[in-house]
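Below is one structure, written out as structure tokens, with a few remarks after it.
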Amino acid sequence: MDNNPTPAGGRPVARRRPRVALASVVVGLSVAAATMAVASGANAGTTLGASAAEKGRYFGAAVAAHKLSDTTYVGILNREFNSVTPENEMKIDATEPQQNQFTFTNADRIVNHARANGMQVRGHTLAWHSQQPAWMQNMSGTALRAAMLNHVTRVATYYRGKIHSWDVVNEAFADGSTGARRDSNLQRTGNDWIEAAFRAARTADPDAKLCYNDYNTDDWSHAKTQAVYAMVRDFKQRGVPIDCVGLQSHFNSGSPYPGNYRTTLSSFAALGVDVQITELDIEGSGSSQAATYRNVVTDCLAVTRCTGITVWGIRDTDSWRASGTPLLFDGNGNKKPAYTATLEALNAGTSTPPPTTAPPTTPPPSSPPPSGGCAASVSLNSWTGGFVATVRVTAGASPINGWAVALTLPGGATVTNTWSARGSGATGAVTFQNVDYNGRMAAGTTTEFGFQGTGTGPTGTPTCTAS
């Protein structure tokens with residue numbers, strides 16, 4: 001991490017950010033009072049968050065739970081930012097240290113602090129090859145796939161309604177000139193693992209924006225950027241639920257801000273997704289660093305669907321690359337020239353808010369579910385030669401412990417892929433049963449599964465049987 005080793009392609013590889021040991025610290029009343037006083041003094045156009053909000057955007061920071069006892073840190077956070085991203089507290093090893101034993105204490109501290117101060121929250125991250133707990137590192141194949149989907153579902157469900165955007169999948173593409181997927185235990189469960197994670201996240205938290213997030217995807221000419229672009233374009237064409245792309249944008253002398261950065265932002269936006277700058281830090285100092293921050297902000301404001309910027313830390317001493325002094329405040333909390341340039345660029349931008357697009361929803365069943373049973377409805381996203389079917393299962397007036405959905409495919413149609421269910425049969429009459437994590441349902445609640453196929457999708461009403 002400290003040395004940023006450079007691969008054959010000449011660009012430094014962004015190393016995993018280490019999970020900082022999290023102390024259990026309670027913020028005192030004096031800190032809270034100081035926080036409220038600082039926050040109440042913010043005026044539009046005079047702070048990063050307020051100025052960004054005038055443009056219909058957010059300006060956020062990565063936050064560590066154990067630093068919420070630092071009055072200088074909290075004062076800057078509450079004064080300047082209107083969005084937060086937990087730095088390590090929502091990652092897999094932090095939220096599920098033992099399989100099926102979830103802990104959200106430190107993530108909750110950040111989420112609760114943000115919501116109490118009117119800030120939105122970016123969730124980071126649900127599925128990643130790195131910072132996996134030992135139990136997950138030792139898994140493979142179908143067991144790992146099921147565990148990954150269970151993790152996505154459980155964490156996103158826990159925070160349902162509290163998260164603005166989820167980094168559903170993080171850093172799944174390799175560096176270099178091939179544009180290939182990263183070889184990881186998750187990738188080895190099947191090339192559709194990213195799609196499956198996004199579909200599970202949509203079911204678990206239907207109102208959150210779902211993002212793919214990666215580094216070294218800032219330069220439009222790079223193979224990695226093009227590979228991510230191709231995946232997003234494919235997802236949009238096939239109806240896979242993706243709402244945004246996150247560009248981490250870690251810049252230094254070995255991986256500089258590219259002159260075609262705005263082209264990258266606008267090209268992704270043209271696919272019909274939002275673009276978010278998710279982990280911005282720029283090594284350097286003085287006027288050069290300030291100019292780069294200004295360029296990044298100006299480029300984002302020039303692209304309507306570039307909806308926000310997050311810097312990866314608050315003070316230089318809080319950064320995972322502290323020796324490069326890459327942030328907007330020095331170690332004492334003083335504003336740097338980069339801060340002034342950033343605020344000036346925000347204030348110079350246009351005030352037209354970017355459009356907001358509600359995530360797609362599946363229509364409810366046309367008739368109420370039978371008492372004590374279940375009902376199912378299906379919606380289709382079709383194209384010439386193929387389709388994706390999303391099936392909603394609704395429990396009746398009593399809780400159920402499992403379900404099975406049967407439907408009939410038209411002649412020539414074949415199921416090629418299924419997620420969040422176990423399928424039986426590929427043509428004609430097919431049946432889908434719940435998996436371990438979505439079979440037990442309270443009365444009146446819903447869950448979703450999906451399948452992809454060739455040919456024409458089903459048109460009849462599916463049959464649901466509860467157990």
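The values are calculated or read from the model by the stated rules, or taken from the named source; none is laboratory data. Bear in mind the structure is a predicted one, so any value in this text is a computation, not a measurement. Neighbour counts are summed over all protein chains in view; Cβ atoms, including those assigned to glycine, are modelled from backbone coordinates with ideal geometry. Heavy atoms of the whole protein, side chains included, go into the accessibility calculation; ligands, DNA and RNA do not. Shrake-Rupley method; radii C 1.70, N 1.55, O 1.52, S 1.80 Å.
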For residue 270, project a label point 7 Å along Cα to C-beta. Then give me every residue of the stretch 216-237 with its amide nitrogen under 18 Å of that point. 218-237
Using a 1.4 Å probe and counting only protein heavy atoms, arrange 265, 301 so the residue with the most accessible area comes first. 301, 265
Determine the order of 266, 51, 177 by accessible area, beginning with the largest, at a probe radius of 1.4 Å. 177, 266, 51
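Between residue 445 and residue 238, what length in nm is gained on full extension when 0.36 nm per residue of separation is reduced by their alpha carbon distance? Intermediate values should be presented prior to the final figure.
Values: separation 207, 0.36 × 207 = 74.52 nm, distance 2.71 nm.
Extending this stretch completely gives an extra 71.8 nm.
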What is the distance in Å between the Cα centroid of the stretch 77-126 and that of the stretch 260-289? 23
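Of the listed pairs 55/209; 91/224; 67/162; 236/336; 162/336, which have alpha-carbon separations greater than 30 Å here? If you can, show how the numbers build up before the last one.
Details: 55/209 19 Å; 91/224 24 Å; 67/162 21 Å; 236/336 41 Å; 162/336 32 Å.
Flagged as over cut-off: 236/336; 162/336.
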Give me log10 I(q)/I(0) at q = 0.21 Å⁻¹ for the stretch 374-466, Debye formula, one equal scatterer per alpha-carbon, no solvent. -0.93
Work out, step by step, the length gained on full extension between residue 317 and residue 192: first 0.36 nm times the residue separation, then minus their alpha carbon distance; give nm to one decimal. 41.1 nm
Here the stretch 385-396 yields Karplus 3J(HN,Hα) values (6.51, -1.76, 1.60; θ = phi - 60°; whole Hz; Gly and Pro given as x) of x, x, 6, 10, 10, 10, 10, 9, 10, 10, 6, x
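Could you give the length gained on full extension between residue 463 and residue 335, defined as 0.36 nm per residue of separation minus the Cα-Cα distance, in nm? Write down the numbers at each step before the final one.
Details: separation 128, 0.36 × 128 = 46.08 nm, distance 6.22 nm.
In short, 39.9 nm is gained.
Filter the trypsin sites (Lys or Arg not before Pro) in the stretch 153-183 to those in DSSP coil with at most 13 other Cβ atoms within 10 Å of their Cβ, and list the result.
Details: sites: 154, 160, 162, 181, 182; in loops: 160, 162, 182.
For trypsin sites (Lys or Arg not before Pro) across the stretch 153-183 that sit outside H, G, I, E and B with at most 13 neighbouring Cβ atoms in 10 Å, the list reads 160.
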The answer for the stretch 374-466, accessible area per residue at 1.4 Å probe in Å², is 42
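Starting from the residue with the highest accessible area, list 240, 378 in decreasing order, probe 1.4 Å.
Details: 240 5, 378 35 Å².
My answer, sorted largest first, is 378, 240.
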